[in-house]
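Taken together, the values in this text are just the output of simple stated rules run on the coordinates, not laboratory data. Since this is a predicted model, take the numbers as computed values, not measurements. Quick reminder, even Gly has a Cβ in these numbers, built from the backbone with ideal geometry, and neighbours come from all protein chains shown.
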Amino acid sequence: MKIAVLSTKPYDREYLDKFNTDHKHELVYFDAPLNSKTTNLAIGFEAVCVFVNDAIDKKTIVKLAEIGIKLIDLRCAGFNNIDLEAAAKYNIKVMRVPAYSPQAVAEHAVALILTLNRKTHKTYNRVREGNFSLENLTGFNLYEKTVGVIGTGKIGAAFCQIMLGFGCKVIANDVTESEKLIKIGVVYGTLGELIKNSDIISLHCPLTTDTKYLFDRKAFSKIKKGAMLINTSRGALIKTSHAIEALKKEQLGYLGIDVYEQEENLFFKDLSESIIHDDLIERLMAFHNVLITPHQGFFTNEALDQIAITTLKNYTDFEQGLPLKNEVKQ
Ligand code: NAI
C-alpha cells in the first residue's frame, strides 16, 4: 500500500523500514503532524499512519475522505485523538497497535516513582559537582506502602505485578476486575477508597469522557496528604491547574507525569532554544517534587520493534482483505 506516515521522527523511520522488508509497502515519511490543516500531504495515498498527538477530528476526517483515504492506522495503543463516529460515517477504517510492550510503560511508571522518591536525578547532578552530601535526599521505603492503580488492563496489570514485588499493598479500581490479579493479591475497591487510602496512585485507564479530569480539585482534596500521583496514561486525566493548586497546598506530595494535557505543542520537540508559551508546564517544572518526561513510556527497543511489526501487518491485513484484528470501532 502507499502510505503517508505523519509525525515521523528518525526512530520511526528506522524501525518501520527495518520490518517493511517483509511487507514492501510504499512508505513516505512526513515530519508534520496530521490535522485539518495538513491533510493535503496525504493526497495520492491510500492510507495514513499517525501517532498520539495527531488531531484526527471530524474536520480532518471529512478532508481525508475527500482525498480518498481508506485507512487510518495508529502506531500506538490509545485512540482518544480520533473521532471514531466521523471515521465510521465516512467509511474510513481505523486500526491501532493494541499491545506492544505493556512492561515498557509499567516500568517507566516505576522509574518515575523511584526517581521522585529517592531523588537520584538530583544526586546525579550533585555528585558530578563534587557534592556528596545527603541533605534533602530523604526518601521513603516502598515496602508495605499502599499503591492505588486506576485501570488494570495490560499496562496496569504489569504495573501491579511489579509493585507487589516491592512488597507494596496494591489496591485497584477498574470497571472490570481481573481474577488473575485478585489471585496474586490485588484488592479491588471503589475509586473513593483508592483515592483516600493510597500513598501512591498510578493512572493506567484510557482517556474517555468518563475519565477526563478524573483528578480535579475535588479528587485532590481527598487524597492522603503528601501522596504521590503518577500519570503515564493520557494528560487530560489530570486537570493540571488543579494539580498545581494541590502541590502549592502540599496536599499532593509528588507528581510524576509522562503525559500532559497540552503536550501536543511541546512533546517530541527540542524547544531548548525557544520561549515556551505554556505557563502551566513552566509552573510545574518549577516544583522540586514534580518530574516530567516527554511521553517516553513506550520508548524501548522491544516496544518499537513490536509497534513497527503490528503497524505494517495492519496495512497488509487491510490490503489482502484479511480480518482486521486490530480495528478500532466506536
Ligand atoms: P487496556 O485497554 O489494556 O487497559 C485499560 C484499562 O482501563 C481496562 O482494564 C479498562 O477496563 C480500564 N478502564 C476504562 N475506563 C475506566 C474507568 N473509568 N475507571 C477505571 N478503569 C477504567 O489499555 P493499556 O494497554 O493498559 O493502556 C492504558 C493506557 O496507557 C492507554 O489508554 C494509553 O492512554 C496509555 N499509554 C501510554 C503510553 C506511554 O508511552 N506513556 C504508551 C501506551 C499506552
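Descriptive notes on the structure:
- Taking Cβ atoms as reference points and 9 Å as the exclusive limit, the residues near Ala236 contribute a net charge of +2, counting Lys and Arg as +1 and Asp and Glu as -1.
- For the pair Arg128 and Glu273, a Förster radius of 22 Å applied to the C-beta separation gives a FRET efficiency near 0.40, rounded to the nearest 0.05.
- Treating r as the C-beta distance of His288 and Lys212 and R0 as 25 Å, the FRET efficiency rounds to 0.30.
- FRET efficiency, Leu137 to Val175 (Cβ-Cβ, R0 41 Å, nearest 0.05): 0.55
- Sorting the segments 255-263, 281-289, 34-42, 175-183 by their residues' average number of neighbouring beta-carbon atoms within 10 angstrom, most packed first, yields 255-263, 34-42, 281-289, 175-183.
- Close amide H contacts of Leu252 (hydrogens built in the peptide plane, cut-off under 5 Å, sequence separation of 5 or more or a different chain): Gly226, Leu247.
- Working note: 222 nm ellipticity from helices only, DSSP H runs with n ≥ 4, each -39,500 (n - 2.57), summed and divided by the residues of the chain, gives -10500 deg cm²/dmol to the nearest 500.
- Alpha-carbon centroid distance for the pair the stretch 47-120 / the stretch 1-45, whole angstrom: 15 Å
- Converting the Cα gyration tensor eigenvalues of the stretch 94-210 into ellipsoid dimensions via √(5λ) gives semi-axes, longest first, of 30, 18, 12 Å.
- Diffusion constant of the chain at 25 °C, which comes from Stokes-Einstein with the Kirkwood Cα-pair radius and 0.890 mPa s, µm²/s: 116 µm²/s
- Counting only Cα atoms, the stretch 102-292 measures 49, 39, 31 Å along its principal axes, largest extent leading.
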